[in-house]
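Data block below; observations after.
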Amino acid sequence: MDASKDKDEKKPEDKKLKFDDLDRDIILRLQDDARRSYREIAADLQISVGTVHNRVKRLIKSNILMGFQPILNSKTLGYEHCFLIFITIRSGHLLDVLDPIKNNPNVRSIYSLTGDQAAAIICHFKKLDDAREFIRQISQNKYVKKTVSNLVLNVIKEQSNVNLSGLEE
């Protein structure tokens, strides 16, 4: 094998997407309202619809845009109880604990952490009994040392948008 060829080949992680002001402007408009048509975005930015289409397609392909989903109001849908659950897990068994949990429809987010707890889970439940049973099931896993469950009283800020102001080209 020719060593000079290896130097010239870029690994996928070495390829950095060129992200410019136009990409940022398109994403900002989609973050504001993902239902906006390409035609509306194009008119707003004074560019062609084809440019918007091609940019969005490239952003999806590069995994910057990962989808378009409605933002649902959990409380209005009856999910009155939001929990933040911290889990202390025996070393080397993170996935043994988290894999069975990740497909639970009440689980919104799972984070691997540094510090005393190995993971944090955000869940929404309609009934406290369902939350209690979910926490009990986690606690019974042989690799779980401890759980600390916190009922969220009020949501001060909840946002899925990413701040784009600090991104460089």
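Derivation of every value follows stated rules applied to the coordinates shown; laboratory data play no part. All figures in this text were calculated on a predicted structure; none of them were measured in a lab. As a convention, Cβ positions derive from the backbone with ideal geometry for all residues, glycine included, and neighbour counts pool all protein chains shown.
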What does the net charge come to around Gln117 if you take all other residues with beta carbon closer than 13 Å to its beta carbon, with K and R at +1 and D and E at -1? +2
Quick one: net charge of Leu65's neighbours, Cβ under 11 Å, K/R +1, D/E -1? +3
Would any residue of the stretch 130-150 have its amide N under 13 Å from a label point 7 Å out along Cα→Cβ of Asp96? List them or say none. 141-145
Could you give the length gained on full extension between Val152 and Ile64, defined as 0.36 nm per residue of separation minus the Cα-Cα distance, in nm? 28.6 nm
Kindly list the residues of the stretch 20-64 that lie in the label zone of Ser160, defined by a backbone N under 17 Å from the point 7 Å along the Cα-to-C-beta vector. 27-36, 60, 63-64
To the nearest 10 degrees, the tilt of helix 128-139 (Cα long axis) against the first principal axis of the alpha carbons of the chain is 90
Over 22 Å between Cα atoms: which of Lys18/Lys61; Lys75/Lys146; Lys102/Lys157 fall into that group? Lys75/Lys146; Lys102/Lys157
Report ³J(HN,Hα) in whole Hz for each residue of the stretch 25-31, in order, from the Karplus equation J = 6.51 cos²θ - 1.76 cosθ + 1.60 where θ = phi - 60°; Gly and Pro get x. 5, 5, 5, 4, 5, 5, 5
